[in-house]
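So the structure is just underneath, and the comments pick up after that.
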Amino acid sequence: MSTATHTTDVVVIGGGPAGYTAAFLASDRGMSVTLVDEAPRPGGVCLYRGCMPSKALLHAAKVVNDAREASVFGVSFAPPSIDVERLRLWKNDVVSKLTNGLAQLTKQRGITYLQGRATFADNRTLAVDMTSGSESAAVVGFQHAIVATGSRPSKPASLSLDDPRVLDSTSALDLEEIPSSLLVVGGGYIGLELGTVYAALGTAVTVVELTKSLLPGADTDLVRVLKRCVGRVAKAIHLETEVAGLTAATRGIDVSLRDANGAVSTERFDKVLIAVGRQPNSDLVGLENTAANRDGDGFVVVDAQCRTAESAIFAIGDVAGEPMLAHKGFAEARVAVEAIGGQPSTFDPKAIPAVVFTDPEVAWCGLTEDEATAIGRKVTVAKFPWGASGRALTLNRPEGFTKLVVDPKTEQILGVGIVGVGAGELVAEGVVAIEMGMTVSDMRMPIHPHPTLSETYGEAAELFLGECTHVYKPKKL
């Protein structure tokens, strides 16, 4: 057994979006960097088993749906022929291109990449159980460490049937086959995105959600539009419904469903997808050998600089708390590296955007209308319906809207919500508006291109001010 010994200014544990961003930034600032991950190349869950493969499949699903709906304006296609193997290979090719690119960027920066599992031996030493290379183990001495180990799918004990037909978000993306029927347990963004993919490919999809609404955390009016659209492609949506048990059968999985009244029914599905959330990978890195600690939900506790109770150790990304979003990890990576470099950088965003890549997409940032109601904050909402948007009509997608959540006294924009095609791209303007402290008058001032969906921002601002060109709203006297 051979052991390699390294010393480095910064060691980053985890090669996902937060981790590789931190490693690259630290290297760009002249620090020696070692990046440790179990995968052969950087990328993490996002690139290998999450954001990128799911979005590749969602694009394919959108093409299928667009082809089916084109007959509305006189363009008809034959029913699509879906080559599952070719689709899977294309998805894998996208992932390969991205991870190969990150590997090249790692090499170009002179970063030492160790493939293996890392554990803190103490507050200045990392032990790495190597899974590739000439050494079977490595010891890394560091000045600073950044924990970016991400998260993994949650699977409650009541749903932990050991059967290959019970999927999580990782195995669902493997796309081994297109089942005739699929139960999606969880009406959050992961379940809805993957359910959308399978429904487009021909699976009869049923969604069950324990709460009263799909997408818990999103505004009710945004979700209402999405639910109508999902309801047209899904076989059924059951809210306030609990999965009481799973039983393996010869020709499927028997699922016991308990509704809000306590009534239990049993249905059989070819496969079941468990998508009830994710849990942080904070239990994998030996934090107990340091002063760093975890909260009751398993997240590593950090301050505004992403620093743990152990001053030399930082934590970023999913492992450091909600929301578990890659772009939040990108931002935290910069804060951590700048803090290591002695800058007074802090993580204090006003608006972290959330995007659900269903069809239609749902996106929001800043203060939501429902949050304002819950905390008793008075706000005024300006909502521009896409049925009054020329561009939305030319796309045959008038079901959406753009919403501004505004402080009625200062007229400052506090939040933005969008539901509709391309909402994920459009929400960026809202993020900038909130971070810059823009008012609705500021939003109305720029000339948005016409005809585009982006001009619905300006129209929503005009609605608030009582003089919207394409929606008549009498002024209050």
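The values are calculated or read from the model by the stated rules, or taken from the named source; none is laboratory data. These figures come from a predicted structure and were not determined experimentally. As a convention, Cβ positions derive from the backbone with ideal geometry for all residues, glycine included, and neighbour counts pool all protein chains shown. Ligands, DNA and RNA are stripped out before the accessible areas are found, and what is left, the full protein with its side chains, is counted by its heavy atoms. Shrake-Rupley method; radii C 1.70, N 1.55, O 1.52, S 1.80 Å.
Taking Lys and Arg as +1 and Asp and Glu as -1, the other residues whose beta-carbon sits under 11 Å from that of VAL355 total -2. Straight-line cross-link partners of LYS107 among the lysines, defined as a Cα under 17 Å from its Cα and at least 8 positions apart when in the same chain: LYS97. Working note: Cα gyration tensor of region 30-77, eigenvalues times five, square-rooted, sorted largest first, giving semi-axes of 42, 10, 6 Å. Within the same chain, lysines fewer than 8 places from LYS473 are excluded, and of the rest, those with a Cα less than 26 Å from its Cα are LYS378, LYS383, LYS403, LYS409. When cysteine pairs in the chain are screened for C-beta atoms closer than 4.7 angstrom, the residues that find no partner are CYS229, CYS306, CYS365, CYS468. A simple packing score, the average count of other Cβ atoms within 10 Å per residue, orders the peptides 295-303, 71-79 as 295-303, 71-79, with the highest score first. Between region 344-378 and region 259-326, the C-alpha centres lie 20 angstrom from each other. In units of the rule-of-thumb radius 2.2 N^0.38 Å, region 274-324 shows an alpha carbon radius of gyration of 1.13. What is region 348-477 by shape, rounded, prolate or oblate, if you read a ≥ b ≥ c off the alpha carbon gyration tensor as root eigenvalues and call it rounded for a/c under 1.5, prolate for a/b larger than b/c, and oblate otherwise? It is oblate, given that a/c is not under 1.5 and a/b is not larger than b/c.
Taken about its Cα centre, the chain carries a charge dipole of roughly 820 debye when the Cβ of each Lys and Arg holds +1 and the Cβ of each Asp and Glu holds -1. Convex hull volume of the C-alpha atoms in region 244-388, normalised per residue: 236 Å³. The alpha carbon gyration tensor of region 64-143 gives principal lengths a ≥ b ≥ c with a/c of 1.5 or higher and a/b greater than b/c, which makes the shape prolate. The Rg/Rh ratio of region 366-429, with both radii computed over alpha carbons and Rh defined as the Kirkwood radius, is 1.04. For region 199-240, the equivalent ellipsoid built from the Cα gyration tensor has semi-axes of 19, 12, 7 Å, listed from largest to smallest. Using 0.36 nm per residue and subtracting the Cα-Cα separation, the extra length available between ASP66 and ASP129 on full extension is 17.9 nm. Each Cα pair of the chain feeds into the Kirkwood radius, which the Stokes-Einstein equation turns, at 37 °C and 0.692 mPa s, into a diffusion coefficient of 135 µm²/s.
Compute the acute angle (0 to 90°) between the alpha-carbon long axis of helix 189-200 and the principal axis of greatest extent of the alpha-carbon atoms of the chain; round to the nearest 10°. Tilt of helix 189-200: around 60 degrees.
In order along region 19-31, phi translates into HN-Hα couplings of x, 5, 4, 4, 4, 5, 5, 4, 5, 4, 9, x, 8 Hz, rounded to whole numbers, per the Karplus curve 6.51 cos²θ - 1.76 cosθ + 1.60 with θ = phi - 60° and x for Gly and Pro. Using 0.36 nm per residue and subtracting the Cα-Cα separation, the extra length available between LYS350 and ALA304 on full extension is 15.2 nm.
Label positions at ASP221 and VAL139, each projected 7 Å from the Cα along the C-beta direction, are separated by 6.3 nm. Here the label points at ASN92 and ASP28, each 7 Å from Cα along the C-beta direction, are separated by 3.3 nm in the simple model.
For the chain, the longest principal axis of the Cα atoms and the long axis of helix 220-233 meet at an angle of about 90 degrees. Overall shape of region 81-121 was characterised from the C-alpha gyration tensor. The equivalent ellipsoid obtained from it has semi-axes of 32, 15, 5 Å, in decreasing order.
Measuring only protein heavy atoms, the 1.4 Å probe finds TYR48 accessible over about 60 Å². With K and R counted +1 and D and E -1, the other residues having a Cβ less than 15 Å from that of ALA121 yield a net charge of -2.
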